[in-house]
Amino acid sequence: MAKQQIMSKYRFKLYITGSSRRSRHAVDNVEWICKSLTDPHEYELQVIDVLQDPRQAEADNIIATPTLLKTEPQPAQRIIGDMADREGVKARLVYNEA
Amino acid sequence: MTEKKKQQAPDRTGVEKFLSGIPGLDRVMEGGLPRCRTVLVSGETGCGKTILLHEFLYRGLHDHGEPGVFVTFEEHPDEMLANVANFKWDYEQYYRDGKLLFADFSPSHDREIETAGSYELDPVVARILSAVQKIGAKRVAIDNIGMLFSRFEDIGEIRRILFLLSDRLKEAGISTLFTAEIEEGSSQLSRHGFMEFVADGVIVLRTHVGQNQMSRSLQVRKMRGIDYRTGTVEYDISDKGMRIFPKIPVDLSVASTDFHVRRSFGVPALDEALGGGIPQGHMLLVTGNTGTGKTTLGMQFLQQGIGDGENVVWVAMEEPVPQVLKTAAAHGWDFETLVRQGRLSFVTCSLLDLSPDRLLYQIVDTVEAVGANRVVFDSVSSLESSIMSKERVREFLIQLTVYLKTRGTNCIMNYLSAESFQASSGNLLSSMATNEMRLSSIVDGIIMLRYVEREQTVMKLLNILKLRGSVHAKDIFRYEIDTGGIRLGERFNF
């Protein structure tokens with residue numbers, strides 16, 4: 001294993017509103033994306049319900065849900081929607097990582 | 001003019017009103033804005049709708065200690081605070097003290113919105129309600145929520161959220177003001193004509209760019225469940241904030257003249273001819289050609305008040321202030337010093353972009369501020385030669401006279417009458433131009449100053465044409481203007 005390159009973890013926050021079908025789908029899709037993006041152990045996914053924690057939503061300037069925030073690695077990314085097109089979203093995330 | 005703050009009685013439909021605190025608005029709304037309702041303030045760029053929102057929250061904080069939330073969809077909170085920093089409000093302090101909260105939905109945070117599938121906008125509602133609960137807010141201001149239509153494509157979802165937000169805010173007992181931009185050339189009051197549909201009330205602000213300045217108008221378009229004054233009123237924005245000018249109600253029953261109190265001109269023969277001076281509260285029209293001494297007579301009237309220890313007001317529209325000061329000095333009256341001492345106040349305005357209501361309130365404010373009992377209005381004819389229509393001039397004068405009468409303040413109104421020399425007695429006594437005839441019903445007294453050519457000399461003649469409710473001399477007097485002012489001479493006979 002190469003020692004000069006330290007891969008930073010993927011850090012994600014997924015904002016959803018309540019437990020609607022859209023919210024559940026978004027969680028499923030994002031979990032799939034996370035797992036297929038990297039080694040299963042190298043990502044952090046925080047799921048935040050805007051109704052439970054509106055202050056966090058305020059802090060991250062969330063307007064719509066579902067919103068996926070990628071905070072690590074840079075650059076930060078923000079994608080809105082149920083992310084039904086898993087492959088497409090994954091590609092966007094991988095592409096930007098370069 | 002003081003307003004008694006009465007208990008806000010519900011209107012016939014049971015909608016309570018509350019005092020917004022925005023100067024003039026509550027009077028236009030006949031008691032205030034509807035409680036727990038949403039009101040849309042719509043207008044083109046630059047009309048001041050965002051300022052109205054800030055002032056709405058500011059007055060809630062300042063007058064009633066009510067915390068408020070400002071929701072912004074366009075400008076960043078820092079930008080907004082900078083924009084209102086020039087007003088004489090301690091607005092930012094409330095923000096620092098945590099009584100004013102911003103819910104920041106400005107686009108500064110997203111570079112581009114990347115969408116991937118369907119979404120809902122519920123965080124908008126959740127965050128606003130959370131902010132409201134956090135500080136116990138009673139008032140919410142929402143600026144340009146229509147921006148959502150620019151940032152998101154799902155129009156149906158945006159509409160759903162607007163309804164939801166409106167309902168939730170009302171349920172929470174919040175009174176909300178929100179703005180929408182009128183697009184140039186559009187007849188709709190907001191994007192897609194939607195916001196005016198959701199709102200319980202609609203206020204429209206318009207600006208009209210004149211030659212020198214902007215004139216601004218406010219109109220209440222709808223207000224579900226409550227009465228309000230229809231029609232368009234003017235408003236202004238100064239460093240104190242917004243000021244709306246409701247029409248002064250014309251209630252002649254409250255305005256009356258006290259015939260026991262007389263105000264002297266300081267011209268003994270004239271005072272005698274008037275039965276002791278002008279009765280308090282009387283409006284006097286002084287009509288005459290150029291050079292007949294109307295201005296001088298007005299100055300004498302004010303100077304007499306000064307001598308009695310009063311403060312006086314001169315509304316300068318005909319002759320510019322420097323000219324008035326010079327003329328006064330020539331007669332030996334030091335008006336310049338009086339101005340410095342605050343004894344004499346001038347009210348001026350541009351004739352090119354005359355805003356009658358603003359002028360009216362300028363006069364009202366000045367008279368109230370110095371407690372004036374004597375006002376000279378120079379002149380009514382300059383109003384007629386301005387952009388005002390004859391009806392508007394009449395309306396203005398009626399409002400002004402009603403206000404002054406209620407205070408018991410006297411007003412000398414000058415009228416430049418361009419009639420030619422009259423030779424015969426018949427002409428002298430009956431020659432009043434139609435213009436002055438129209439005004440005669442508004443004023444309580446008329447003094448005429450005229451030239452007559454007789455034996456190769458031009459003489460100046462004064463007569464009191466009418467003086468309501470009082471005995472007055474019917475004679476015609478010769479008069480002269482010299483250093484001390486106007487001096488009445490002998491009676492004139494034909």
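The values are calculated or read from the model by the stated rules, or taken from the named source; none is laboratory data. Since the structure is predicted, the reported quantities are computational estimates derived from the model, not experimental observations. Note that we place each Cβ from the backbone using ideal geometry, even for glycine, and neighbour counts take in every protein chain shown.
Applying a threshold of 8 Å to beta carbon distances and a minimum spacing of six or more residues, or different chains, the list of pairs starting in the stretch B:436-462 at a residue that is on the phi < 0 side of the Ramachandran plot and ending at one that is of a type in the set (Asp, Glu) and surrounded by 20 or more Cβ atoms within 10 Å (Cβ to Cβ) reads B:446/B:436. Can you find a residue that is surrounded by 14 or more Cβ atoms within 10 Å (Cβ to Cβ), outside any helix (DSSP H, G or I), assigned by TED's automatic domain parsing to the domain that holds residue B:449 and of a type outside the set (S, T, N, Q) anywhere in the stretch B:323-330? No, that holds for no residue.
Of the helices (runs of 4 or more DSSP H) lying entirely inside the stretch B:99-177, the ones with 2 or more residues being under 25 Å from residue A:69 (Cβ atoms) and at the interface with another protein chain (Cβ under 7 Å from one of its Cβ atoms) are found at B:122-135.
One residue is enough: does the stretch A:48-67 have a residue meeting the conditions modelled with pLDDT under 90 and either away from chain B (no Cβ under 12 Å) or exposed (fewer than 15 other Cβ atoms within 10 Å of the Cβ) (or both)? There is no residue in the stretch A:48-67 that is modelled with pLDDT under 90 and either away from chain B (no Cβ under 12 Å) or exposed (fewer than 15 other Cβ atoms within 10 Å of the Cβ) (or both).
Screening residue B:408 on (1) buried (at least 22 other Cβ atoms within 10 Å of the Cβ); (2) more than 19 Å from the chain's Cα centre (by Cα); (3) within 24 Å of residue B:24 (Cα to Cα) shows it passes everything except condition (1). Within the stretch B:233-255, the residues that satisfy the criterion of being modelled with pLDDT of 85 or more and at negative phi are B:233, B:234, B:235, B:236, B:237, B:238, B:239, B:240, B:242, B:243, B:244, B:245.
Exactly one residue out of B:239, B:258 is charged (D, E, K, R), in contact with a strand residue (DSSP E or B) (Cβ under 6 Å, 6 or more places away or on another chain) and surrounded by fewer than 15 Cβ atoms within 10 Å (Cβ to Cβ): that is B:258. Candidates are the residues of the stretch A:72-88 that are aliphatic (A, V, I, L, M) and at the interface with chain B (Cβ under 7 Å from one of its Cβ atoms); the one that is farthest from residue B:112 (Cα to Cα) is A:84.
Only a single item in (1) in contact with a helix residue (DSSP H, G or I) (Cβ under 9 Å, 6 or more places away or on another chain); (2) of a type outside the set (D, E, K, R); (3) under 23 Å from residue B:245 (Cβ atoms) is not met by residue B:352, and it is number (1).
Determine if the stretch A:33-45 includes at least one residue that is within 14 Å of chain B (Cβ to nearest Cβ) and buried (at least 16 other Cβ atoms within 10 Å of the Cβ). Yes, there is a match, as at least one residue in the stretch A:33-45 is within 14 Å of chain B (Cβ to nearest Cβ) and buried (at least 16 other Cβ atoms within 10 Å of the Cβ). Annotation for the stretch B:108-116: no member residue is within 29 Å of the chain's Cα centre (by Cα) and hydrophobic (A, V, I, L, M, F, W, C).
Among residues of the stretch B:91-108 being charged (D, E, K, R) and either surrounded by 13 or more Cβ atoms within 10 Å (Cβ to Cβ) or not assigned by TED's automatic domain parsing to the domain that holds residue B:237 (or both), the one that is nearest to residue A:62 (Cα to Cα) is B:104. Summed over the stretch B:395-421, the residues that are under 19 Å from residue B:288 (Cα atoms), assigned to a loop (DSSP other than H, G, I, E, B) and at pLDDT 90 or above give a count of 0.
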